[in-house]
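Throughout, read-outs are computed from the coordinates displayed, never taken from laboratory work. Not measured: the values here are computed from a predicted model. Cβ placement follows ideal geometry from the backbone for every residue including glycine, while neighbour counts extend to all protein chains displayed.
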Amino acid sequence: MQPDAKPEEIKKAFRRLAHTYHPDKNPDDPFAEANFRTIQEAYSVLSDPGKRAAYDEERWLSGKINARTVVISPEYLLREIRKLNNHINSVDVHRMNKQLLHEYLLFFLTDEKIAIIRKQADASYLGHFIPAMLDATLHLPFYFAAPVYTRLQLVATGSAHLSELVDKARRRMAGQARRQRYLPLLMVLITLLLCIAMYLFSKK
């Protein structure tokens, strides 16, 4: 099945596979029922636009992480993070697998890759690479973004400006996380105050 398969093609493929692997047609196959159930689950995902978008997104990131070995260079890493940001801008980030994005960003920041960057890249390169990495973290919850910031600080070593840029992003994301954590409590307090005010007003 091609990634851009149309709904009609998906339905046709499902009917063909369901007919082939239906347990009633394979009474001697102990795996027939499991295979048939897998086919049904796959169809339920691929026939639903929302589920399919999430599946395609997860497959895209997984494919990047598990891609074949290539010669790693600073230019390659910058090119790939830019591709990632372009991809992020083209999908529904609310459906994105945040954990997989977190793992992919750390994939850029292994000890080996950081060593390559620090050995081969110049200040101009870092001025592009680090902001591009920070752009990608904007779509992560803080608990996934924090380890990325820690690794980026290793890349920024030697540049006070870039180190401060990473730290500023960390502080901003941490502040957003705190506000989101306390927002429900704040809403309860506001509601309570409104109820008290309405009660006092009704007594006048």
With the Cα gyration tensor of region 97-175 giving a ≥ b ≥ c as the square roots of its eigenvalues, does the rule (a/c under 1.5 for rounded; else a/b larger than b/c for prolate; else oblate) give rounded, prolate or oblate?
oblate
Distance in nm between L154 and T20 label points, each 7 Å along Cα→Cβ, equals 4.6 nm
Give me the extension gain from I190 to D167: residue separation times 0.36 nm, minus the current Cα-Cα distance, reported in nm with one decimal.
5.0 nm
Counting other beta carbons within 10 Å of each Cβ, put E103, E41, E80 in order, fewest first.
E41, E103, E80
Provide the net charge surrounding R171, with neighbours chosen by a C-beta distance below 15 Å and charges set as Lys +1, Arg +1, Asp -1, Glu -1.
+3
Please report how far the C-alpha centroid of region 97-122 lies from that of region 125-180, rounded to the nearest whole angstrom.
13 Å
